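For reference, the structure is listed below as structure tokens.
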Amino acid sequence: VREAMAAKYRLKSLAQGVNLGKVFVDNSTVTMPTSSEIYLQFNDVLDNQFSPSPLLQIHIQNINYYCADVGDVGSALNFNVIDLDTGQTLYTLSSTVKNQYWNTYEINQTFVPSNTNQQPLKIKIQVTSNGTLDTRLIQLNDDIQNPQCCGVMCHGSTGTNKISYTYGITATFNVTCSWDGLICQNKNLFSRAFWYLCGIEFLTELIYSSVLTAWTTINLQKAKDLRAEYEVEYQKSLTQVASGMNLDCDCCLDCNGGVQLRTATQFF
């Protein structure tokens, strides 16, 4: 799909990369919470002139949690990624923690808007426990409170318009542009190409199989010829879908200019 769409559009791979940092601040007067959150969301309209691209997605690389006292948080923590519009839990992880230590949990998950929700993606990274959480306040970087077009706004459980805080939790994430959402929300358009691709994958497994049967010996050449035919039909189906799409250029897409062909009666 990436190759087929490249004939008309150039897709930007990385729109924003964020490490929320691990900056502690004094919080001697803070009440011990039972949960802590990080909110990530695209505005409906950024800078009053840009709308977030439907091709945007959020990839969470890891979540970091600092535990001051295991006795305070209990034996385990629960990390959840929740869609704020639908209330659906998109990801969950339960793990034990170490005392006086930065606990890092590898997530490596990409989150896109659901098929039923056409609004810009809004998610919440939440940590809960069966006890109370660590009360060490962590100040988030203030340069992600008002991002540029294609950027995600991030704020914690508490704070002001310019400064935001979380309780012991930070994260590393990035905002990328991908065709995944376009494909998932238009499955019927790609179904024929996917059908041929499944045939190609099946025949590839058959051709390189170590099992000796009539299909892998006597009919081996037939399988190779059929795979070559499927590859042609697959490319035709995919190109037909890609060439028929007309997308508005936004912060994820740079539209390629048209190619002009000029003829001359003589060489110069």
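Entry remark, the stretch 130-149: residues being surrounded by 20 or more Cβ atoms within 10 Å (Cβ to Cβ) and either assigned to a strand (DSSP E or B) or at pLDDT 65 or above (or both) number 4 in total. Does the stretch 99-116 contain at least one residue that is in contact with a helix residue (DSSP H, G or I) (Cβ under 6 Å, 6 or more places away or on another chain) and either open to solvent by 50 Å² or more (accessible area, probe 1.4 Å) or at pLDDT 90 or above (or both)? The answer is yes; a qualifying residue exists.
For the stretch 162-183, residues that are hydroxyl-bearing (Ser, Thr, Tyr) and open to solvent by less than 10 Å² (accessible area, probe 1.4 Å) total 3.
Just so you know, in the stretch 31-46 the residues that are in contact with a strand residue (DSSP E or B) (Cβ under 9 Å, 6 or more places away or on another chain) and of a type in the set (Val, Ile, Thr) include one that is modelled with the highest pLDDT, and it is Ile38.
Residues are listed down the side, and each one gets a yes or a no for (1) open to solvent by 50 Å² or more (accessible area, probe 1.4 Å); (2) at pLDDT 80 or above; (3) in a strand (DSSP E or B):
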| site | (1), (2), (3) |
| --- | --- |
| Ala7 | yes, yes, no |
| Gly17 | yes, yes, yes |
| Thr29 | yes, no, no |
| Asn48 | yes, no, no |
| Ile60 | no, yes, yes |
| Tyr66 | no, yes, yes |
| Phe79 | no, yes, yes |
| Ser94 | yes, yes, yes |
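You will find that of Thr217, Thr213, Thr204, Thr172, the residue that is part of a helix (DSSP H, G or I) and of a type in the set (Ser, Thr, Tyr) is Thr204 and no other. If you filter the stretch 227-268 down to residues that are at pLDDT 85 or above and among the polar types (S, T, N, Q), you find that the one that is least open to solvent (accessible area, probe 1.4 Å) is Ser237. Residues of the stretch 189-203 include none that is at pLDDT below 80, open to solvent by 30 Å² or more (accessible area, probe 1.4 Å), among the polar types (S, T, N, Q) and farther than 21 Å from Gln61 by Cβ.
The values are calculated or read from the model by the stated rules, or taken from the named source; none is laboratory data. Model, not experiment: these values are computed from the prediction. For neighbour counting, all protein chains shown are included, and Cβ atoms are generated from backbone atoms with ideal geometry for every residue, glycine included. These accessible areas exclude ligands, DNA and RNA; they are computed on the full protein's heavy atoms, side chains included. Shrake-Rupley method; radii C 1.70, N 1.55, O 1.52, S 1.80 Å.
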